[in-house]
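The values are calculated or read from the model by the stated rules, or taken from the named source; none is laboratory data. Note that this is a predicted model, so its numbers are computed, not measured. For neighbour counting, all protein chains shown are included, and Cβ atoms are generated from backbone atoms with ideal geometry for every residue, glycine included.
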Protein chains: 2
Amino acid sequence: MTPEPLAISFDDVAAASERIAGRIHRTPVLRSRLLDEVAGRELFLKCENLQRGGSFKVRGATNRLLALSDDERQRGVVAFSSGNHAQAVALASRSLGVDAIIAMPLDAPRSKVDATVGYGARIVTYDRHREDREEVARAYVEREGRALVPPYDNPFVMAGQGTVGLELLAEVPELDAIVTPVGGGGLLAGVATAASGAAPGVRVFGAEPAAANDTALSLEAGERVTIAPPDTIADGARPQSPGHLTFPIVRDRSAGVVLVPDEELVTAMRLVLTRAKLLVEPTGALGLAAALFGRLPDDARRVGVVLSGGNLDLDFLITLSGAERA
Amino acid sequence: MTPEPLAISFDDVAAASERIAGRIHRTPVLRSRLLDEVAGRELFLKCENLQRGGSFKVRGATNRLLALSDDERQRGVVAFSSGNHAQAVALASRSLGVDAIIAMPLDAPRSKVDATVGYGARIVTYDRHREDREEVARAYVEREGRALVPPYDNPFVMAGQGTVGLELLAEVPELDAIVTPVGGGGLLAGVATAASGAAPGVRVFGAEPAAANDTALSLEAGERVTIAPPDTIADGARPQSPGHLTFPIVRDRSAGVVLVPDEELVTAMRLVLTRAKLLVEPTGALGLAAALFGRLPDDARRVGVVLSGGNLDLDFLITLSGAERA
């Protein structure tokens with residue numbers, strides 16, 4: 001039996017980069033000597049927290065939408081997400097004049113719902129204890145002929161996310177490694193694919209919450225493993241298994257996945273805020289925490305760190321101030 | 001009687017720019033559509049909060065130190081500051097291998113003292129209720145032949161701060177205005193001088209705390225006015241009068257000073273943190289608050305906003321979370 005080919009190639013990422021240019025921010029790569037000192041390595045912070053919509057997700061969503069036919073664009077899109085993907089699809093849709101429906105759980109944080117509505121999308125709520133979000137979304141595909149924009153398991157979405165890696169590699173020569181957060185695996189798959197073509201010597205690591213280690217377990221098992229709903233502050237990394245398209249790419253093209261405990265995430269968020277003056281959300285700080293606290297190989301001296309997002313409820317600032325320990 | 005010539009010219013700023021290139025970060029200019037919507041104008045955020053040492057102050061300090069003779073460098077420098085200037089002089093001194101003594105008040109925030117010591121400077125504390133900080137510093141000038149690095153009232157310091165304006169004007173074409181915070185006036189004087197040569201049509205405004213309106217009062221009076229110790233959260237804008245070198249430049253080259261109440265500062269800090277993901281300290285948000293909340297002329301459509309610093313005690317995050325209102 002021939003194995004299925006991987007869902008995207010380097011050329012798909014390069015094509016995505018051309019397609020979405022001018023519609024997304026080319027985010028800055030920032031340095032902080034103070035963080036370098038903590039890490040004991042040179043860190044190059046790719047600031048997707050400064051991206052439109054506050055995360056890298058707008059890259060994949062924009063690439064997916066631009067790949068639709070005129071006819072499909074007319075019929076609109078549908079997505080399911082309680083987080084950054086919702087805002088990204090809403091934002092990309094508004095920019096391109098496409099009608100968007102986003103299925104969000106009834107108990108989604110008010111700030112995320114508001115942001116998504118603010119970008120002009122219609123929200124359809126569902127009860128996540130009784131309804132399946134994919135089914136809710138698929139009803140709109142079948143009834144209205146809308147195109148689904150999945151959060152990670154789609155070639156255009158993965159290729160779009162990979163443009164983060166292309167930009168980082170173009171800007172910083174001679175990196176030893178790149179580290180990205182891992183949720184469903186779209187960002188890691190995309191960036192690993194970018195590196196495989198643009199800089200095959202650069203190892204691309206994923207960083208996963210220790211409590212949401214589905215990708216690490218899957219890599220160990222050699223096949224996709226499903227875990228129980230994980231308890232972690234990294235809300236963007238809560239998928240219970242890697243995607244069926246992302247996993248083979250992560251397995252074949254990444255250098256593996258390292259695990260980060262939630263306490264190190266909070267410390268990393270506090271450090272990047274106070275030292276580098278950047279607000280990064282828990283999921284967005286996974287790669288940074290891995291780089292800061294010795295989770296990467298010692299010989300990775302020059303490390304590109306994808307700060308993948310910065311959308312955070314204000315309440316979390318109290319945690320970062322350390323006041324909760326008083 | 002011929003009036004005294006102004007202390008710096010455009011050429012001094014241009015020379016500073018060449019002199020300090022490579023020793024400071026060329027900080028990014030970032031955009032945020034969400035902030036643009038609040039302001040009702042296009043804002044171009046010059047991120048000196050991402051500068052080395054966390055504020056623009058390292059520009060002036062570095063320019064001053066590089067202008068010293070070899071002999072002067074040997075003898076070292078001395079500065080007085082409880083804030084960003086202390087860190088900047090310490091950082092610039094370490095970079096250039098110059099010995100630095102910083103006079104800081106006994107009750108300076110622990111974090112500022114630690115940062116200054118962390119950059120390798122020696123601290124000399126004084127009691128700000130009983131001792132004059134300039135006298136404390138001048139003793140080291142007389143006793144050890146050290147060069148004083150004043151926080152603003154010095155041509156090299158002002159010219160160094162002006163490089164912020166040069167970079168902003170080089171990067172963003174067709175600005176209508178620039179707005180900077182005003183404390184002692186070094187940044188405003190420098191940036192106004194930069195604009196006077198590089199883009200004479202661009203109006204440069206200062207933004208001052210409503211409770212620390214010494215520069216606004218001085219402009220009204222046509223001469224330097226001294227106010228009582230002001231009560232404002234903008235700790236970098238607490239000088240009680242404009243400098244004797246900065247004031248004539250502010251008067252002749254800036255478009256004037258607007259006033260910002262502390263409540264608007266807090267709102268601006270919260271907005272730039274949650275929307276643009278940038279940590280900005282109270283003083284650093286003065287210009288932003290002015291641009292966001294209607295303190296600038298309506299015809300200033302494209303506004304360069306200098307976010308001058310990001311050094312903040314963690315406790316302040318609680319204020320930003322809004323928890324203090326609960």
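Can you pull out every residue in the range A:168-199 that is under 27 Å from A:Leu259 (Cβ atoms) and among the acidic types (Asp, Glu)?
Listed by number, the list holds a single entry, A:Asp176.
Is it the case that the range A:214-227 has a residue that's under 19 Å from A:Ala291 (Cβ atoms) and in a loop (DSSP other than H, G, I, E, B)?
Narrowing the range A:214-227 to residues under 19 Å from A:Ala291 (Cβ atoms): A:215-216.
From the residues that got through so far, the ones that are in a loop (DSSP other than H, G, I, E, B) too are none.
No, every residue in the range A:214-227 fails to be under 19 Å from A:Ala291 (Cβ atoms) and in a loop (DSSP other than H, G, I, E, B).
How about the range A:56-75: which of its residues are polar (S, T, N, Q) and more than 15 Å from A:Gly190 (Cα to Cα)?
Those that are polar (S, T, N, Q) and more than 15 Å from A:Gly190 (Cα to Cα): A:Ser69, A:Gln74.
Condition (residue is in a strand (DSSP E or B), modelled with pLDDT of 95 or more and either in contact with a strand residue (DSSP E or B) (Cβ under 6 Å, 6 or more places away or on another chain) or surrounded by fewer than 24 Cβ atoms within 10 Å (Cβ to Cβ) (or both)) applied to the range B:146-159: is it met by at least one residue?
Yes, the range B:146-159 has at least one match.
Which one is farthest from the chain's Cα centre (by Cα) among residues in the range A:304-319 that are crowded, with 21+ Cβ neighbours inside 10 Å and within 14 Å of chain B (Cβ to nearest Cβ)?
The qualifying residue farthest from the chain's Cα centre (by Cα) is A:Leu317.
So which of B:Gly184, B:Gly162 is in a loop (DSSP other than H, G, I, E, B), buried (at least 24 other Cβ atoms within 10 Å of the Cβ) and in contact (Cβ under 8 Å) with a residue 24 or more places away in the chain? Give the derivation first.
Numbers: B:Gly162 fails: in a loop (DSSP other than H, G, I, E, B).
Answer to the check: B:Gly184.
How many residues, within the range A:50-81, are more than 17 Å from the chain's Cα centre (by Cα) and surrounded by 24 or more Cβ atoms within 10 Å (Cβ to Cβ)? First the steps, then the outcome.
Here is the first cut: in the range A:50-81, the ones more than 17 Å from the chain's Cα centre (by Cα) are A:65-78.
Filter once more, keeping what is surrounded by 24 or more Cβ atoms within 10 Å (Cβ to Cβ): A:65, A:77-78.
So the count comes out to 3.
If you check B:Glu174, B:Glu167, which single one turns out to be in a helix (DSSP H, G or I) and farther than 20 Å from B:Arg295 by Cα?
B:Glu167 is the lone residue from the list that is in a helix (DSSP H, G or I) and farther than 20 Å from B:Arg295 by Cα.
Among the residues of the range A:254-264, is there at least one that is more than 9 Å from every other protein chain (Cβ to nearest Cβ) and either among the basic types (Lys, Arg) or free of Cβ contacts under 8 Å to residues at least 12 places away in the same chain (or both)?
Within the range A:254-264, one or more residues are more than 9 Å from every other protein chain (Cβ to nearest Cβ) and either among the basic types (Lys, Arg) or free of Cβ contacts under 8 Å to residues at least 12 places away in the same chain (or both).
Looking at the structure I just gave you, is B:Glu174 touching a strand residue (DSSP E or B) at 6+ places or on another chain (Cβ under 7 Å), surrounded by fewer than 21 Cβ atoms within 10 Å (Cβ to Cβ) and more than 26 Å from B:Gln87 (Cβ to Cβ)?
Here the answer is yes, as B:Glu174 does meet what is asked.
Looking at A:Gly53 and the list (1) more than 14 Å from every other protein chain (Cβ to nearest Cβ); (2) farther than 24 Å from A:Val303 by Cβ, which single condition is not satisfied?
(1)
Filter the range A:291-326 down to the residues that are part of a strand (DSSP E or B) and touching a helix residue (DSSP H, G or I) at 6+ places or on another chain (Cβ under 7 Å), then identify the one that is farthest from A:Ser82 (Cα to Cα).
Across the range A:291-326, the extreme among qualifying residues is A:Val303.
Working carefully through the options A:Thr232, A:Thr215, find the one that is surrounded by 24 or more Cβ atoms within 10 Å (Cβ to Cβ), away from chain B (no Cβ under 14 Å) and of a type in the set (Ser, Thr, Tyr).
Exactly one of A:Thr232, A:Thr215 is surrounded by 24 or more Cβ atoms within 10 Å (Cβ to Cβ), away from chain B (no Cβ under 14 Å) and of a type in the set (Ser, Thr, Tyr), namely A:Thr215.
Out of the range A:254-263, which residues are of a type outside the set (S, T, N, Q) and crowded, with 22+ Cβ neighbours inside 10 Å?
Answer for the range A:254-263, where residues must be of a type outside the set (S, T, N, Q) and crowded, with 22+ Cβ neighbours inside 10 Å: A:Val257, A:Val258, A:Val260.
Counting only residues that are within 14 Å of chain A (Cβ to nearest Cβ) and among the basic types (Lys, Arg), which one in the range B:1-50 is nearest to B:Gly185 (Cα to Cα)?
B:Lys46
For a quick check of your reading: which helices (runs of 4 or more DSSP H) sit entirely within the range A:1-86 and have at least 3 residues that are more than 27 Å from A:Glu144 (Cα to Cα) and among the hydrophobic types (A, V, I, L, M, F, W, C)?
Where helices (runs of 4 or more DSSP H) fall fully within the range A:1-86 and carry at least 3 residues being more than 27 Å from A:Glu144 (Cα to Cα) and among the hydrophobic types (A, V, I, L, M, F, W, C), they are A:10-20, A:33-39.
Confirm whether A:Ala61 is closer than 20 Å to A:Val157 by Cα and either touching a residue at least 40 places away in the same chain (Cβ under 8 Å) or touching a strand residue (DSSP E or B) at 6+ places or on another chain (Cβ under 6 Å) (or both).
So A:Ala61 passes the test.
Yes/no matrix, rows are residues, columns are (1) within 28 Å of B:Ala115 (Cα to Cα); (2) under 16 Å from the mean Cα position of the chain (by Cα); (3) of a type outside the set (D, E, K, R); (4) surrounded by 19 or more Cβ atoms within 10 Å (Cβ to Cβ):
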| site | (1), (2), (3), (4) |
| --- | --- |
| B:Ile227 | no, no, yes, no |
| B:Pro239 | yes, yes, yes, yes |
| B:Pro242 | yes, yes, yes, yes |
| B:Val250 | no, yes, yes, yes |
| B:Val266 | yes, no, yes, yes |
| B:Thr274 | yes, no, yes, yes |
| B:Pro282 | yes, yes, yes, yes |
| B:Asp299 | no, no, no, no |
| B:Arg302 | no, no, no, no |
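From the list B:Leu278, B:Leu273, which residue is touching a Leu at 6+ places or on another chain (Cβ under 6 Å) and within 12 Å of another protein chain (Cβ to nearest Cβ)?
B:Leu273
Can A:Thr283 be described as more than 25 Å from A:Ser82 (Cα to Cα) and of a type in the set (Val, Ile, Thr)?
no
So which of A:Arg251, A:Arg270 is over 27 Å from A:Thr27 (Cβ atoms) and in a helix (DSSP H, G or I)?
Exactly one residue qualifies, and that residue is A:Arg251.
Consider the range B:284-297. How many of its residues are under 27 Å from A:Leu307 (Cβ atoms) and surrounded by fewer than 24 Cβ atoms within 10 Å (Cβ to Cβ)?
Within the range B:284-297, residues that are under 27 Å from A:Leu307 (Cβ atoms) and surrounded by fewer than 24 Cβ atoms within 10 Å (Cβ to Cβ) number 0.
Among the listed residues A:Gly284, A:Gly243, identify the single one that is in a loop (DSSP other than H, G, I, E, B) and either within 14 Å of another protein chain (Cβ to nearest Cβ) or not basic (Lys, Arg) (or both). First the steps, then the outcome.
Values: A:Gly284 fails: in a loop (DSSP other than H, G, I, E, B).
Among A:Gly284, A:Gly243, only A:Gly243 is in a loop (DSSP other than H, G, I, E, B) and either within 14 Å of another protein chain (Cβ to nearest Cβ) or not basic (Lys, Arg) (or both).
Could you list, in sequence order, all residues of the range B:87-144 that are assigned to a strand (DSSP E or B) and aromatic (Phe, Trp, Tyr)? It would help to see each step written out before you state the result.
Initially, the range B:87-144 is screened for residues assigned to a strand (DSSP E or B), giving B:100-105, B:122-126.
Across the range B:87-144, the qualifying residue is only B:Tyr126.
Could you tell me which numbered condition A:Ala323 fails, if it satisfies all but one of (1) at pLDDT below 95; (2) more than 18 Å from A:Pro109 (Cβ to Cβ); (3) more than 8 Å from every other protein chain (Cβ to nearest Cβ)?
(3)
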